[in-house]
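K.L.:
Questions regarding the structure given below will be posed in turn.
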Amino acid sequence: MENKTSQENKCSFELSKEVMKHMDKWIPAKIDGKETATIARILIYMDDLFENYKNGYTINNVMTKSDFDVQEFRSEVVKKVDMDDFTFKGKGNLKIKTKFAINEQGELDELEMIESSGLKEFDEMILRAIKRTLKNRKWTPAKIHDVPIKSTFILPFSIKI
């Protein structure tokens, strides 16, 4: 799949396609025991394949994670959910799934709901709590070769009523 980088550097793109042909230790994804087609993002740094290559190389050797703690963040968001303004008839679980990124500047970005609870008011209440938790917050972004990169997170919420 081509992207902006591959369009700018055709040589690296073509070389990456050649390298991929020789990567033969793939393990298929399985859902309920059945092999399932998936999409993967493969990071290849050409310098690491040539003059900087070392035996045992993995991307983890040159990658540092963000200091963003998704569980801590989730706990902070839950504290900001104000159920006093929300009424729900009946009993059950309300579930919502959100997706967002910590961008190259360490800020939360691209907040979106990827699974709705089916109740607009509940969904909006969770998104407001996330935004209140984010106010004036920054994290150290993940880095590859000391270059900041964007990291994507999925954050589900479930509240038993």
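The values are calculated or read from the model by the stated rules, or taken from the named source; none is laboratory data. Keep in mind that this is a model prediction, so the values were computed, not measured. Note that we place each Cβ from the backbone using ideal geometry, even for glycine, and neighbour counts take in every protein chain shown. We work out accessible area using only protein heavy atoms, side chains counted, and drop any ligands, DNA or RNA first. Shrake-Rupley method; radii C 1.70, N 1.55, O 1.52, S 1.80 Å.
K.L.:
Once the dipole of the chain is set up with Lys and Arg at +1 and Asp and Glu at -1 on Cβ about the Cα centre, which of Y45, I96, F153 lies farthest towards its positive end?
P.N.:
So the residue we want is I96.
K.L.:
Continuing with the same structure: Quick one, which of (1) 99; (2) 169; (3) 116 is the actual volume of the Cα convex hull per residue in Å³ calculated for this model?
P.N.:
Only one listed value fits the structure, namely (2).
K.L.:
Let me ask you something else. What's the ranking of 129-136, 50-57, 114-121 by average number of surrounding C-beta atoms within 10 Å, highest first?
P.N.:
129-136, 114-121, 50-57
K.L.:
Once ligands and nucleic acids are excluded and a 1.4 Å probe is used, how much of H145 is accessible, expressed in Å² to the nearest 10?
P.N.:
Surface open to solvent at H145 totals about 80 Å².
K.L.:
Name the long-range amide H neighbours of F68: under 5 Å, sequence gap of 5 or more, or other chain; modelled H, no Pro or chain starts.
P.N.:
T140
K.L.:
Beyond 27 Å between alpha-carbons counts as too far, so tell me which of K30/K95; K97/K138; K91/K138; K25/K95; K34/K150 fall in that bin.
P.N.:
Those over the limit are K91/K138; K25/K95; K34/K150.
K.L.:
If one computes the Cα centroid of region 105-133 and of region 44-58, what distance in Å separates the two points?
P.N.:
39
K.L.:
Charges at C-beta only: +1 for Lys and Arg, -1 for Asp and Glu. How large is the resulting dipole of the chain about its Cα centre, in Debye rounded to 20?
P.N.:
620
K.L.:
Over the heavy atoms of D47, what accessible area does a 1.4 Å probe trace out, to the nearest 10 Å²?
P.N.:
Near enough 90 Å² of accessible area.
K.L.:
Rounded to the nearest 500 deg cm²/dmol, what is the calculated helix-only ellipticity per residue at 222 nm for the chain, with -39500 (n - 2.57) per DSSP H run of length n ≥ 4?
P.N.:
-8500 deg cm²/dmol
K.L.:
What do you reckon, how do L155, L49, L127 stack up by accessible area (1.4 Å probe), largest on top?
P.N.:
Of L155, L49, L127, the descending order of accessible area is L49, L127, L155.
K.L.:
Per residue of region 9-23, in order, report the coupling 6.51 cos²θ - 1.76 cosθ + 1.60 (Karplus, θ = phi - 60°) as ³J(HN,Hα) in whole Hz, putting x for Gly and Pro.
P.N.:
Each residue's phi maps through the Karplus curve to give 10, 4, 4, 5, 4, 5, 5, 4, 4, 5, 4, 4, 4, 9, 8 Hz.
K.L.:
Output wanted: per-residue J couplings in Hz (rounded whole) for region 131-138, from phi through Karplus 6.51 cos²θ - 1.76 cosθ + 1.60, θ = phi - 60°, x for Gly and Pro.
P.N.:
Result, ordered by residue: 5, 5, 5, 7, 3, 6, 9, 9 Hz.
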